[in-house]
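The next block holds one structure in the form of structure tokens; read it before the comments.
Since every read-out is calculated from the coordinates, none of them should be taken as a lab result. The model shown is predicted, which means the values in this text are computed figures rather than measured ones. Positions of Cβ are generated from backbone atoms using ideal geometry, with glycine treated the same way; all protein chains shown enter the neighbour counts.
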Amino acid sequence: MILLKLTWRSLWNRRISVILTLISIAISVSLLLGVEYIRKEAKSSFLSTISGTDLVVGARSGPVQLLLYSVFRIGNATNNIGWDTYQTIADNKRVDWTITLSLGDSHLGYRVLGTNQDYFKHYRYADKRLLAFEHGKPFGSVYEAVLGSEVAKTLGYTLDRKITLSHGAGATSFSEHKNKPFTVVGILKPTGTPIDRTVHVTLEGIEAIHIDWQAGAPVAGFEISAEKAAKMNLQPEVITAFLVGLKSRSATFRLQREINDYRQEPLLAVVPGVALSELWQSIGQFEVVLRIITIFVLVAGLLGMLTTLLSTLNERRREMAILRAVGAYPWQIFLLFLLEAFLIAVLGCLLGCLMVFIGVLLAQPWVTAEYGLHLRTWLPGWDDAKLIVLITIAAVIFSTLPALIAYRRTLQDGLTVKI
Amino acid sequence: MNIVELDQLRYRWQGQSKDILHIPELNIAQGEHVFLRGESGSGKTTLLNLLAGILTPSDGHIRLLEHDFHHASSMKRDRFRADHMGVIFQQFNLLPYLSATENVTLPCHFSARRRDKSGDTEQSAIQLLDHLQLDESLRNSMVTSLSVGQQQRVAVARALIGQPEIIIADEPTSALDTGTRDRFIELLFSKAEAQKSTIIFVSHDPHIAEHFPRVIELSEINKAL
């Protein structure tokens, strides 16, 4: 007990350097815990980009590629799917709903997605959350568009704004669909998914702007006006991909096999969860890098503590001699240093936890508003507790060096320390 | 009863061929106030460390309180020091982060024997400080705010608490001026007499010798020189 009291008082006596050490440890701990937290949040947010969809179906390619272009709007499809093929699968008795996806156009660098009404009824992300509207409503007619939150925010668009689409995915396209402008009728709330960066239009709209095109270019002298086009048969011949919701999830793998074995056209069906995990693993290398960095930060913090402990050894030589004179054993001197490191580490960890907790609390409303991500409040979990115990053990192990030096000195110095 | 008995005590540093200390015989009786005078280099420090159990003799015997001390393990020697010895240094005797009273009670935390003997430790510390004429207002103040003379009196109180049999004082007055020094020695004597502690007072200063009934010149008893 007296040792604890002595440690405490001695620390308090040197409080400025001790507090600085404490803060450096707290910062390393909060970095370590914070990065761990961000890693988990990023993963869960990534994995919740799409939910409630049982299968993603596209032309045969790799599962990751299919997922990238259909869900993340990255890259392009190698091939399309015929409308009749889509119809056949959509009519399957096990299928509850389908969302058609038609990609290939853009607006100022934002991908344009041609889809159907079911998109707003059945598309779910995160925790089975449906899309919600900040302003307006879903599109109802051919030339209406619904913007993702980031599109509207970055471009400063409001409802009733007229926009034109460009052919291809680039920000500066030479071929624009100038004669068939779309009207913004809805703006979605932030979702924290690629939807925020997407312009949604009807499948028929996509068909209409290409009706007077042939092989990716407008046909000269064969222009059809917007009004006229809207009245024509706008059923597309091909779509890029489609999402499938089943009546019963247990049928997922059977239907997946059926689609993959479809004779008329080479198709690929993937289970989004499985493909997402696969994709995460292939891009998840940064996790390792983050971890390595934070471990180095922690080691730096502990080395800082070690330096402080070592630098106080000389000025505390007298302290140790006094303690020996009043009857302290050498091992008690040794223990004094371990206790000190232990206290610093535990307090540093607690302070670090507090910093992460407050940091997350402060970041929550901002991240939700800005990115639509719902951060969970940070509370120390089992993994964090293990980490804290490990850090404390490491700190105590580090402190055996000054403790040993003090121990040996106290044996040599005895009661007669020269000042 | 002899408190200290030295018999053919020899000490040499490891790897050296010559003894730095060889005392054929020295006896100190209980309650004696002994002044051990020696210049620096006369083996003063070594003798103190031997008596305190920090060093072990290369040869010969040390008996303290009629117990053989030279064979004792370092653990036992530490225990003995905690239980039976009060030590006063030249200067900086006190832990800067404790109050005067807390400094005085420190030995009682490391020795159950001295804790038991002091009864109410806190009260006993206050009494000692009172007797040593430390102003009441200074008891709970940080020791760094005390003058050197006041600090040395606190150190005496700490050496005396729990009535240890032996008080070892290593040049405790060298930082004090003459007036303070004489008062300091007077107080030390009166308190030590009251609890029958033996004082071994080491210094190079011959002026202090007049206070002591027994003066030992280290150069005369150390045959290694």
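For this structure, a couple of remarks:
- The translational diffusion coefficient of the stretch A:55-270, from Stokes-Einstein at 10 °C and 1.306 mPa s with a Kirkwood hydrodynamic radius over alpha carbon pairs, comes to 90 µm²/s.
- Reachable lysines from B:Lys191, criterion Cα separation under 29 angstrom, eight or more residues apart if same chain: A:Lys418, B:Lys44, B:Lys76, B:Lys117
- Proximal aspartates and glutamates relative to A:Lys5, as straight alpha-carbon distance under 13 Å, when same-chain residues fewer than 8 apart are discounted: A:Glu340, B:Glu102
- Average partner coverage of B:66-78, which counts Cβ from other chains inside 10 Å: 1
- Put simply, the stretch A:1-54 fits an ellipsoid with semi-axes of 45, 12, 5 Å; these come from the alpha carbon gyration tensor as the roots of five times its eigenvalues, largest first.
- Label-point separation, A:Ile23 to B:Ala175 (7 Å along Cα→Cβ), nm: 3.3
- Beta bridge orientation in the protein assembly as shown: antiparallel %, DSSP, nearest 5: 65
- Looking at the stretch A:25-89, the pairs of alpha carbons with a distance over 16 Å make up 63% of the total.
- Translational diffusion of chain B, µm² s⁻¹ [Kirkwood Rh, Cα pairs; Stokes-Einstein; 37 °C; 0.692 mPa s]: 184
- Across peptide A:102-111, the average count of Cβ atoms from other chains found within 10 Å of a residue's Cβ is 0.
- Mean projection of the Cα convex hull over all viewing directions, computed for the stretch A:21-158: 12.2 nm².
- Counting other Cβ atoms within 10 Å as a rough exposure proxy, the listed residues A:Thr193, B:Thr101, A:Thr154 run A:Thr154, B:Thr101, A:Thr193 from fewest neighbours to most.
- Springs join every pair of Cα atoms under 10 Å in this Gaussian network model of chain A, and among A:Gln117, A:Gln285, A:Gln256 the largest mean-square fluctuation is at A:Gln285.
- What you get for the stretch A:55-270, charging only the Cβ of Lys and Arg (+1) and of Asp and Glu (-1), is a dipole of about 700 debye around the Cα centre.
- Each of A:Arg9, B:Arg114, A:Arg254 has some number of other Cβ atoms within 10 Å of its Cβ, and from fewest to most they run A:Arg254, A:Arg9, B:Arg114.
- The angle between the Cα long axis of helix B:100-110 and the main principal axis of chain B comes to about 50°, on a 0 to 90 degree scale.
- Percent antiparallel among DSSP beta bridges (both partners in the stretch B:2-221, rounded to 5): 45
- Candidates A:Glu237, A:Glu150, A:Glu315: whichever shows maximal mean-square fluctuation once chain A is modelled as a Gaussian network with Cα springs under 10 Å: A:Glu315
- Using a cutoff of 8 angstrom between alpha carbon atoms and counting only pairs six or more residues apart, the relative contact order for chain A works out to 25 percent.
- Dipole axis of the stretch B:2-221 (+1 Lys, Arg; -1 Asp, Glu on Cβ), positive-most option in B:Ala159, B:Ser17, B:Asn93: B:Ser17
- Nearest-0.05 FRET efficiency for A:Ala90 and A:Ile224, computed from C-beta distance (R0 41 Å): 0.90
- When chain A is described by a simple charge dipole with +1 on each Lys and Arg Cβ and -1 on each Asp and Glu Cβ, the residue from A:Trp366, A:Pro190, A:Leu243 located farthest towards its positive end is A:Trp366.
- Taking every residue in B:109-118 and counting other chain Cβ atoms within 10 Å of its Cβ, the average works out to 2.
- Degrees between helix A:382-413 axis and first principal axis of chain A (Cα, 0 to 90, nearest 10): 20
- Degrees between helix A:15-47 axis and first principal axis of chain A (Cα, 0 to 90, nearest 10): 20
- Of A:Tyr119, A:Tyr37, A:Tyr262, the one that fluctuates the most in a GNM where chain A has Cα springs shorter than 10 Å: A:Tyr262
- Listed from fewest to most Cβ neighbours within 10 Å, the set A:Val289, A:Val299, A:Val56, A:Val29 follows the order A:Val289, A:Val299, A:Val56, A:Val29.
- For q = 0.22 Å⁻¹, Debye-computed log10 I/I(0) when each Cα of the stretch A:338-390 counts as one equal scatterer: -0.83
- With Cα atoms as the point set, the radius of gyration and Dmax of the protein assembly as shown evaluate to 42.9, 132 Å.
- Reachable lysines from A:Lys40, criterion Cα separation under 18 angstrom, eight or more residues apart if same chain: A:Lys386
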